[in-house]
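Okay, structure first, notes after.
The values are calculated or read from the model by the stated rules, or taken from the named source; none is laboratory data. Note that this is a predicted model, so its numbers are computed, not measured. FYI the Cβ positions are ideal-geometry reconstructions off the backbone, even for glycines, and counts take in every protein chain you see. Keep in mind that these areas ignore ligands, DNA and RNA; they rest on the heavy atoms of the full protein, side chains included. Shrake-Rupley method; radii C 1.70, N 1.55, O 1.52, S 1.80 Å.
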Amino acid sequence: MKIAICDDVLSHRDTLRPFVVEFFRDKEISTEISDYSSGGEILGSEENFDIVFLDIELGDMSGIEIAEKLKEKNANCIIIVVTSYTDYLDAAMDLHVIRFLKKPVEQKRVFSALEKALQEMNENLIMFSTKDNQIIRVKSRDIIYVEANLKAVTVCTHKKTYTVRESLKKIKTMLTASIFAVPHNSFIVNMNYISNFKREELTVETPTEEVKIQISNRKKPEFKRRFLEFIGEGE
């Protein structure tokens, strides 16, 4: 889970961070938390964040402007606004901000916001267009893997495997939650469904069969790191 805290006041970041660490430690969810003191810093990052705690009034630009740009980069990014002001409430709600935390933040409200964020991530609907001109919507958590070959791109879910019109590159921009990883340029895998992991190969469980997927040489170091972090054994 990739999380960012963006606030231009160090003491505010230092107050919030232990609450976030404690919440995910109790959930046994591995996290990577990054701190930023300005809008320019967080927008300059190459990371795709799952959750961003965002101060609404920063020195270099407004939190609303930053939230808009973060959503452009990753539509599934969940924004939790931390503020002493309510003037921006309407604009923030238009960006699907799920919670407002009033400063100074309280543990109970931080935990509540994170519970809702996790629920949002699990329930997030992904929309595809199929080769037979249907529009399908599936929950991201129900996607087991996506495969691209010379003929088509297929999306394997709990219920069915779909052949879709979207490119694998496009789908990568849709599946940005930290449960997804890329073991090979032709695959995106939901790590919740990995039943066996070897140096050269992994196995995912579908409702009807086990699917073996090769791990490319170029992807091995990063994929191993991501998977170990996911199961809580990373450094």
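Some observations on this one:
- Taking every residue in the range 15-36 that is closer than 15 Å to Ser112 by Cα and pairing it with any residue that is part of a helix (DSSP H, G or I) and open to solvent by 60 Å² or more (accessible area, probe 1.4 Å), at least 6 positions away or on another chain, the pairs with Cβ-Cβ distances below 8 Å are Phe19/Gln107; Glu22/Gln107.
- The one condition from (1) surrounded by fewer than 19 Cβ atoms within 10 Å (Cβ to Cβ); (2) under 22 Å from Lys219 (Cβ atoms) that Ala181 does not meet is (1).
- Within the option set Thr176, Thr154, Thr203, being within 19 Å of the chain's Cα centre (by Cα) and polar (S, T, N, Q) holds for one residue only, Thr176.
- Filtered by the rule that a residue be of a type in the set (A, V, I, L, M) and either under 13 Å from Cys156 (Cβ atoms) or part of a helix (DSSP H, G or I) (or both), the range 180-206 gives Ile188, Val189, Met191, Val204.
- Val138 being modelled with pLDDT under 95, open to solvent by less than 60 Å² (accessible area, probe 1.4 Å) and either assigned to a strand (DSSP E or B) or of a type in the set (Asp, Glu) (or both): yes
- Phe180 vs. criteria closer than 24 Å to Asn124 by Cβ and modelled with pLDDT under 95: yes
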